[in-house]
Structures are given as structure tokens and as C-alpha cells.
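Trainee: Here it is: the structure, laid out below.
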Amino acid sequence: ASPPNRDCVHMKGLSQNVTENDIVNFLCGYQPSLIWTHIHYNPKRKCNGSAYVQMCSADEAIRCSNECNQKFFTDCNGSRIIEVVPCSQEEMLNSVRSSYFLTH
């Protein structure tokens, strides 16, 4: 079997009040490459600190990770250093499926 396509990034360390707009603004240099964003929510509808973003290619996901990992992310709660690491669509979808049952 071929290795999974790692065309997504996993963002870790986000605040509980982060929005999709905050993520899009943080990744504004990658706007043409953004396909889909998913924020993980806890049962109280607050972000659990994690989000996934699908990019147009594995190269863009790697570039995004290399340029954004360990950088300051700013939202309504202030600034914090976050992790941005490449991941596969399979990892992202497995995570989305598990969070769906917690929040919907």
C-alpha cells in the first residue's frame, strides 16, 4: 500500500475561543491552498485546542508546517505559540469522526 497523502496540517495549542476566521487569518499566506478547516469542540462547544486544515497538496502542508510551527497565533484571547504539523487526510477524518459524536 502506498503511504497516506499528508496534505493536511494539525494545529495544536489553540485557545478555547478560536474561530475558523482566526485560523484563516493566521494562514492568510496559504489562502489559495486552503480547502477545508475543522475545529475540535468539546461538549460545551468550546475548542479543545485542536484544529485540522486540509491543503491543496502535501507540499503546501509541509511548507505551512515549516513556516507556521512554533509561531505566535493571535485571537480574542491574546497570543500563544502553537504547533502546526503535517498529517494525513485519514488522521484528520478519524479525528473529525470521533469529535462529531461528542459535539452533534
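Trainee: For residues that are open to solvent by 60 Å² or more (accessible area, probe 1.4 Å), part of a helix (DSSP H, G or I) and of a type outside the set (Asp, Glu), scanning just the stretch 30-64, find the one that is farthest from Ile82 (Cα to Cα). Working first, answer last.
Mentor: Initially, the stretch 30-64 is screened for residues open to solvent by 60 Å² or more (accessible area, probe 1.4 Å), giving 31-32, 35-36, 41, 43-46, 48, 56, 59, 62-63.
From the residues that got through so far, the ones that are part of a helix (DSSP H, G or I) too are 31-32, 59, 62-63.
Still in the list and also of a type outside the set (Asp, Glu): 31-32, 62-63.
Details: Gln31: 19, Pro32: 22, Ile62: 16, Arg63: 16 Å.
The residue in question is Pro32.
Trainee: Something else now. List pairs: first in the stretch 50-68 and of a type in the set (D, E, K, R), second assigned to a helix (DSSP H, G or I) and surrounded by 16 or more Cβ atoms within 10 Å (Cβ to Cβ), Cβ under 9 Å, 6+ apart or cross-chain?
Mentor: Within 9 Å, the pairs are Glu60/Tyr30; Glu60/Ser33; Arg63/Tyr30; Arg63/Ser33; Glu67/Tyr30.
Trainee: Considering only the stretch 1-21, how many residues are within 16 Å of Glu83 (Cβ to Cβ) and either exposed (fewer than 12 other Cβ atoms within 10 Å of the Cβ) or without any contact (Cβ under 8 Å) to a residue 60 or more places away in the chain (or both)? Walk me through how you get there before you give the answer.
Mentor: Restricting attention to the stretch 1-21, the residues satisfying the condition of being within 16 Å of Glu83 (Cβ to Cβ) are 6, 8-15, 18.
Checking the rest, the ones that are also either exposed (fewer than 12 other Cβ atoms within 10 Å of the Cβ) or without any contact (Cβ under 8 Å) to a residue 60 or more places away in the chain (or both) come to 18.
Looking only at that region, the number is 1.
Trainee: Quick one: which residue in Ser79, Ser98 is within 26 Å of Asn5 (Cα to Cα) and either in a strand (DSSP E or B) or not hydrophobic (A, V, I, L, M, F, W, C) (or both)? Even if it seems obvious, please write down each step before you answer.
Mentor: Values: Ser79 fails: within 26 Å of Asn5 (Cα to Cα).
The match here is Ser98.
Trainee: Kindly indicate which of Cys68, Cys64, Cys87, Cys76 is under 17 Å from Gly13 (Cβ atoms), modelled with pLDDT under 90 and of a type in the set (A, V, I, L, M, F, W, C). Walk me through it before giving the result.
Mentor: Numbers: Cys68 fails: modelled with pLDDT under 90; Cys64 fails: modelled with pLDDT under 90; Cys87 fails: modelled with pLDDT under 90.
Being under 17 Å from Gly13 (Cβ atoms), modelled with pLDDT under 90 and of a type in the set (A, V, I, L, M, F, W, C) holds for just one of Cys68, Cys64, Cys87, Cys76, which is Cys76.
Trainee: Look through Val24, Val85 and report the one residue that is of a type in the set (A, V, I, L, M), open to solvent by less than 80 Å² (accessible area, probe 1.4 Å), part of a strand (DSSP E or B) and in contact with a helix residue (DSSP H, G or I) (Cβ under 9 Å, 6 or more places away or on another chain). Before you say what the answer is, go through the steps one by one.
Mentor: On the way: Val24 fails: part of a strand (DSSP E or B).
Testing whether each residue is of a type in the set (A, V, I, L, M), open to solvent by less than 80 Å² (accessible area, probe 1.4 Å), part of a strand (DSSP E or B) and in contact with a helix residue (DSSP H, G or I) (Cβ under 9 Å, 6 or more places away or on another chain) leaves just Val85.
The values are calculated or read from the model by the stated rules, or taken from the named source; none is laboratory data. Note that the coordinates shown come from a computational prediction; the quantities given were computed from them, not determined experimentally. Cβ coordinates were reconstructed from backbone atoms using ideal geometry, including for glycine residues, and neighbour counts include every protein chain displayed. Quick note on the areas: whole protein, heavy atoms, side chains included, nothing else; ligands and nucleic acids left out. Shrake-Rupley method; radii C 1.70, N 1.55, O 1.52, S 1.80 Å.
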